[in-house]
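A short write-up of the structure that comes next.
The values are calculated or read from the model by the stated rules, or taken from the named source; none is laboratory data. Small disclaimer: the values here were computed from a predicted structure and weren't measured. Methodologically, a virtual Cβ is constructed for each residue, glycine included, from the backbone with ideal geometry; neighbour enumeration extends over all protein chains shown.
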Amino acid sequence: DKVHAPVVILGTGLAGYGLAKEFRKYDQDTPLVLITSDDGRSYSKPMLSTGYTKNLSTDDLAQMDAGSMGRMLKASVWTMTKVAEIDTANQLIKVGDAQTAVHYSSLVLALGADVIRPPIEGDALDKVYSVNDLLDYDDFRTAMSKNEARKICLIGGGLIGCEYTNDLINGGFETETVDPLGYCLPTLLPEPAGKAVQAALEAKGAKFHFGPLVTAVNEANGGVIVSLDNGETIEADLVVSAVGVRPRIDLAQASGIETNRGVVTNRLLQTSAPNVYALGDCAEVSGHVLVYVAPLMAQARALAKTLTGEPTEVSYPAMPVTIKTPACPVTVAPPPRDVAGDWSFEIDGPNVKGEFRDAAGTLLGFALTGEATRHKMALQKELPAIMP
Ligand code: FAD
């Protein structure tokens, strides 16, 4: 029956496990079930792009296995289990082959985001990796040693592409990174800041191709040859694709739950279906899709209270993003889309301090590189909250 049914959380990433930990601070007794399509090991996803810098094996990255997590959380954790369908009218989910049905009192979607796969042709697509979770990481590390890889071509010069570029350089590998836009982190940073990151990575040996798209990856000499739409080619041993992520909305969509860019929720994290909530990378909270750790922690704290009887709206302070490019550290708080204002810069070699202000002089965003990252706290204090 629905009343004594467990709280069910789908997903055991930082959002799913983070919520379970918060929930247990207020409620030790309600049965809790976590269901994941992976092996349920807990790990810090941001660490994936520091693996060569810190020399971390998959086991080093994994903090606890599903069994230990279950004991710690007084929860039952079902691994390698894909949820195929949600029956929102009867408050049950259908698991695996849809033979098993589980009732929920509340259901939480913490399904994360999928990597976007760019349209690429060729006969070596099996050598194109994306590293978006712990199992991917293991596959990639295995392929790197099996192929005795020395040189990697990266598709995408955004946050993930630049972090992996820096990490692979730190690991002693050669890199060539391709992005159709004009400089590093082009969707997050204004040009002078992006150019500073580019220069710092180039000084460490990274190569960049800005402007072209990758069109094909084919076998060549035991490695691959990557073709660009400007006629250039890049030889490499393996390819890493990092062109962005997109919230996993398919399960919600197929179950008649409202979706847009993400699973649509209000500030209580409620979806359009009764007693179904969403948080983390899969959620679009009051119009915001923010695929970072700070927002999901704020969501987990609020939702844990809501689920234990104290309805609590999530609010977001200013949340600057730190990018793990040690060659040139970056902290950025991008201005909201569609706001009027102008960037101004103080530039001292690799150290760029960019401030985005409106006509009245109100700070709406900033971008800091190199030693200018020391201004983070002062500027963060001056920034308006994202969702007060
Ligand atoms: P995920 O961790 O992706 O978890 C999704 C879960 O859902 C998984 O357990 C999966 O198995 C499960 N699942 C999916 N579909 C189903 C299904 N149908 N049935 C059952 N289970 C399912 N953010 C920062 O703030 N700072 C950083 O420095 C930073 N660095 C990053 C570096 C890298 C390389 C990457 C990839 C991301 C980085 N991020 C960073 C983003 C941050 O890691 C994510 O925002 C966060 O980890 C998302 O957590 P999540 O729990 O929402 O999703």
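Of note:
- Meets criteria (in contact with an Asp or Glu (Cβ under 6 Å, 6 or more places away or on another chain), polar (S, T, N, Q) and over 21 Å from Ala199 (Cβ atoms)) for Thr308: yes
- Restricting segment 13-46 to residues that are assigned to a helix (DSSP H, G or I) and near the ligand (Cβ under 8 Å from one of its atoms), the residue that is nearest to Gly171 (Cα to Cα) is Pro46.
- Single condition Phe345 does not satisfy, out of (1) assigned to a strand (DSSP E or B); (2) at positive phi: (2)
- Residues that are over 19 Å from Ala143 (Cα atoms), within 20 Å of the chain's Cα centre (by Cα), crowded, with 19+ Cβ neighbours inside 10 Å and not basic (Lys, Arg) within segment 39-66 comprise Gly40, Ser42, Tyr43, listed in sequence order.
- Meets criteria (in a loop (DSSP other than H, G, I, E, B) and in contact with a strand residue (DSSP E or B) (Cβ under 7 Å, 6 or more places away or on another chain)) for Val339: yes
- For Thr325: the one exception among (1) farther than 22 Å from Glu202 by Cα; (2) in contact with an Asp or Glu (Cβ under 9 Å, 6 or more places away or on another chain): (1)
- Tally of residues being in contact with a Phe, Trp or Tyr (Cβ under 8 Å, 6 or more places away or on another chain) and within 21 Å of Gln380 (Cβ to Cβ) across segment 306-330: 3
- Which numbered condition Asn90 fails, given (1) within 23 Å of Ile249 (Cβ to Cβ); (2) near the ligand (Cβ under 10 Å from one of its atoms); (3) surrounded by fewer than 17 Cβ atoms within 10 Å (Cβ to Cβ): (2)
- Among residues of segment 298-319 being within 12 Å of the ligand (Cβ to nearest atom) and in contact with a helix residue (DSSP H, G or I) (Cβ under 6 Å, 6 or more places away or on another chain), the one that is nearest to Ser105 (Cα to Cα) is Ala300.
- For the condition among the acidic types (Asp, Glu), within 13 Å of the ligand (Cβ to nearest atom), closer than 23 Å to Pro295 by Cβ and in contact with an Asp or Glu (Cβ under 8 Å, 6 or more places away or on another chain), Asp133 qualifies.
- Checking each residue in segment 154-171 for being aliphatic (A, V, I, L, M) and within 11 Å of the ligand (Cβ to nearest atom) picks out Leu159, Ile160.
- Qualifying residue in segment 93-100 (condition: among the basic types (Lys, Arg), surrounded by fewer than 22 Cβ atoms within 10 Å (Cβ to Cβ) and modelled with pLDDT of 95 or more): no
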